[in-house]
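Below is one structure; the comments refer to it alone.
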Amino acid sequence: MGVYRLRDRYVQDGLSTVHPAQFRSDPAFRAAYNRGVQASQGVDPRFEWRVHTALWAAQSALRVPGDFVECGVNAGFMSSAIMQRLNWNAFARRFYLIDTFAGPVLSQFSREEVRKKRLTIAEDALQAGAYVTDLERIRANFAEWPNAFPVQGAVPDILPSLGIETVAFLHIDMNCALPERVALEFFWDRLSPGAVVLLDDYGYRGHECQREAIDEAIREKDVPVLSLPTGQGLIIK
């Protein structure tokens, strides 16, 4: 077994590895990541491998027909990075960016999530300004991509009104079990064969209720969820 120096390790976002992370020096990756930081107005959450995974998933989804959907946008870090990396204006697809843009719907948290302090965490984050509630800021961020459509509304209430028929890529990041499960169930029959579903918190410590809700929703689909060391979950339909 080799001996590795500490400076050779990747240590971010709950993930530590001595294996090479060459993607970090790739100019296309750096441009995409920096575009995410721009969307967050300079706030760097330090989760490069998570973004690397999302970029791979989005690029893979281009192989199948359908639009892109993100449920849980906040500042738009991940979706901005994806559109930068894919050169989104080169595609005749829509990217639906669905969020309340008012923070989480607190009434959607289950008793178990309340018991595990997930509601308290959400309330504290909202009070601290961690959720972007300025819709004009969101629209300005995505203005360079005419096929990006910020949609203000709560999941699941807003979904039937959007008329989304075919989906190639679905990113779910709402930090709450109920809307995440309903979003997956709503879009499942709209996902093209080979479509990619990326779950931001599926394997993340403290988000067990979300994982359990997704597992229950996917159980009858006979499709496995890949739990990733980044905390994300990956489904290929």
Query raised in the report: Does GLU144 satisfy the condition of being modelled with pLDDT of 95 or more and part of a loop (DSSP other than H, G, I, E, B)?
Result: yes
Report task. Return the residue satisfying two criteria in turn: it lies in region 113-128 and is within 16 Å of ARG205 (Cβ to Cβ) and part of a helix (DSSP H, G or I), and of such residues it is least open to solvent (accessible area, probe 1.4 Å). Result -> GLU113
Report task. Could you tell me which residue of region 173-213 is surrounded by the fewest Cβ atoms within 10 Å (Cβ to Cβ), considering only residues that are without any contact (Cβ under 8 Å) to a residue 40 or more places away in the chain and either in a strand (DSSP E or B) or touching a Phe, Trp or Tyr at 6+ places or on another chain (Cβ under 6 Å) (or both)? Result -> ARG211
Query raised in the report: Which condition breaks for ALA28 when tested against (1) within 17 Å of LEU86 (Cβ to Cβ); (2) surrounded by 14 or more Cβ atoms within 10 Å (Cβ to Cβ)?
Result: (2)
Query raised in the report: What are the residues in region 170-192 that are closer than 15 Å to PRO160 by Cβ and under 14 Å from the mean Cα position of the chain (by Cα), if any?
Result: PRO179, ALA183
Query raised in the report: In region 57-73, what count of residues is obtained for those that are touching a helix residue (DSSP H, G or I) at 6+ places or on another chain (Cβ under 9 Å) and open to solvent by 20 Å² or more (accessible area, probe 1.4 Å)?
Result: 2
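The values are calculated or read from the model by the stated rules, or taken from the named source; none is laboratory data. Please read all numbers here as calculations on a predicted model, not as lab measurements. FYI the Cβ positions are ideal-geometry reconstructions off the backbone, even for glycines, and counts take in every protein chain you see. Please note that ligands, DNA and RNA were not included when accessible areas were found on the heavy atoms of the full protein model with its side chains. Shrake-Rupley method; radii C 1.70, N 1.55, O 1.52, S 1.80 Å.
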